[in-house]
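*Asks:* Provided herewith is a single structure, encoded as structure tokens, for subsequent inquiry.
The values are calculated or read from the model by the stated rules, or taken from the named source; none is laboratory data. In this text the structure is predicted, and so the values were computed from the model without any measurement. Cβ coordinates were reconstructed from backbone atoms using ideal geometry, including for glycine residues, and neighbour counts include every protein chain displayed.
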Amino acid sequence: MSAKKFTLLIIPEGSHQVRRYSLQRSTLKGVVAVVALFCLGLTALTTDYVLANLDEAEFVRLQEENQQQRNELQRLVAGLESLQREMSLLAQNDAKVRIMAQLTRASADTEVLAGVGGPPEIDGSDSFSDLQQRIDQMRRDIDLRRESQEEIQGFLNDQRSMLSAVPEGLPAKGWLTSTFGMRTSPFTGKQKLHEGYDIAARTGTPVHVTADGVVTRSETTPGYGKLVVVDHGYGYRTYYAHNSKILVRAGQRVKRGDKLSEVGNTGRSTGSHVHYEIRRNGVPVNPKKFI
Ligand SMILES: [Zn+2]
């Protein structure tokens, strides 16, 4: 367009009057520039407003997310603290059991075992590294507990095997005809220590071992006749003499109550009975304490 002047015609509908505006080229340019600037400005403002709104929404969302995470962290910390309290109770219990069992340990461990001290109380500054530290500490505590429990278990097992190794009760049903102590020998007429109990019973009456152990002798001797000796460990041995029949062999493992033999009258014996003897470290002891 190279014209210098423009004419703008405005024709209202249903009217014959035509409005005519004459515009210089430069004026038109100015008008167009103003309109363009106005549009640009409007666009910029709108964009800014929309972006600001979006930022605000994102900020609120992040804030909510952050709060949620903090809440979850607090819950985790609270859960961990409750575990730590239980752990502390377990440790105290453990310490009591150890005292009862008279189990000792290095002093450094004992303090931890007693569960004194514990972690610092929760404050607002709980961080993930703090949490991690607490979890690590808990893991160490659990390892200590496990070791201690295993030790106690081992101790109880030992106790149990010791209890089952100590003679208990009488080996046969019958009548106690002679107890432990000095007596006049029915063979020599002289005073002699009777080293066990004599239980009179009919020949063939079962003889039971009075504690867990291993048969060390299953043989016939001149004095004891058919004899069974059982070693129970912890220094204990039991003797069962004058049997009519032996049912176990040397080396055989036996449990308390197992049948060893049958009552008889073999060896130096004046009637059908079982001579029952308990020896502690080789020395005959009074069975009275083991009935
Ligand atoms: Zn006897």
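*Asks:* Taking the conditions exactly as written (surrounded by fewer than 20 Cβ atoms within 10 Å (Cβ to Cβ), away from the ligand (no atom under 12 Å from the Cβ), closer than 22 Å to SER164 by Cβ and at pLDDT 95 or above), does ARG202 satisfy them or not? It would help to see each step written out before you state the result.
*Replies:* Values: surrounded by fewer than 20 Cβ atoms within 10 Å (Cβ to Cβ): yes; away from the ligand (no atom under 12 Å from the Cβ): yes; closer than 22 Å to SER164 by Cβ: no; at pLDDT 95 or above: yes.
Criteria not met by ARG202.
*Asks:* Every residue in the range 236-270 that is within 16 Å of the ligand (Cβ to nearest atom), assigned to a strand (DSSP E or B) and over 44 Å from the mean Cα position of the chain (by Cα), please.
*Replies:* Within the range 236-270, TYR240, ALA241, HIS242, ASN243, SER261, GLY264 meet the criteria.
*Asks:* Are there any pairs with C-beta distances below 9 angstrom linking a residue in the range 236-260 that is farther than 10 Å from THR216 by Cα and at pLDDT below 95 to a residue that is within 16 Å of the ligand (Cβ to nearest atom) and in a strand (DSSP E or B), with the two at least 6 apart or on different chains, and if so which?
*Replies:* none
*Asks:* Based on what the data block shows, is ARG202 closer than 29 Å to ASP158 by Cβ and assigned to a loop (DSSP other than H, G, I, E, B)?
*Replies:* Details: closer than 29 Å to ASP158 by Cβ: no; assigned to a loop (DSSP other than H, G, I, E, B): yes.
So ARG202 fails the test.
*Asks:* Another question about this same structure. With respect to the numbered conditions (1) part of a strand (DSSP E or B); (2) more than 16 Å from the ligand (Cβ to nearest atom), which one is the sole condition not fulfilled by ASP141?
*Replies:* All conditions are met except number (1).
*Asks:* A further question on this structure: Which of (1) at pLDDT below 90; (2) within 30 Å of ARG256 (Cβ to Cβ); (3) not basic (Lys, Arg) is the odd one out, the single condition GLY181 does not satisfy?
*Replies:* (1)
*Asks:* What about VAL230, is it within 16 Å of the ligand (Cβ to nearest atom) and under 16 Å from LEU170 (Cα atoms)? I'd like the intermediate steps shown before the answer.
*Replies:* Details: within 16 Å of the ligand (Cβ to nearest atom): no; under 16 Å from LEU170 (Cα atoms): yes.
Spelling it out, it is not the case that VAL230 is within 16 Å of the ligand (Cβ to nearest atom) and under 16 Å from LEU170 (Cα atoms).
*Asks:* Can I ask one more? If you go through the range 163-179 one residue at a time, do you hit one that is under 40 Å from the mean Cα position of the chain (by Cα) and in a helix (DSSP H, G or I)?
*Replies:* Yes - at least one qualifying residue is present in the range 163-179.
*Asks:* Failed condition for ASN286, given (1) surrounded by 20 or more Cβ atoms within 10 Å (Cβ to Cβ); (2) out of contact with any Lys or Arg (no Cβ under 8 Å at 6 or more places or on another chain); (3) under 17 Å from THR179 (Cβ atoms); (4) not charged (D, E, K, R), with all others met?
*Replies:* (1)
*Asks:* Can I ask one more? Quick check on LEU170: is it within 15 Å of the ligand (Cβ to nearest atom), modelled with pLDDT of 95 or more and of a type outside the set (S, T, N, Q)? Working first, answer last.
*Replies:* Numbers: within 15 Å of the ligand (Cβ to nearest atom): yes; modelled with pLDDT of 95 or more: yes; of a type outside the set (S, T, N, Q): yes.
When the stated conditions are applied, LEU170 passes them.
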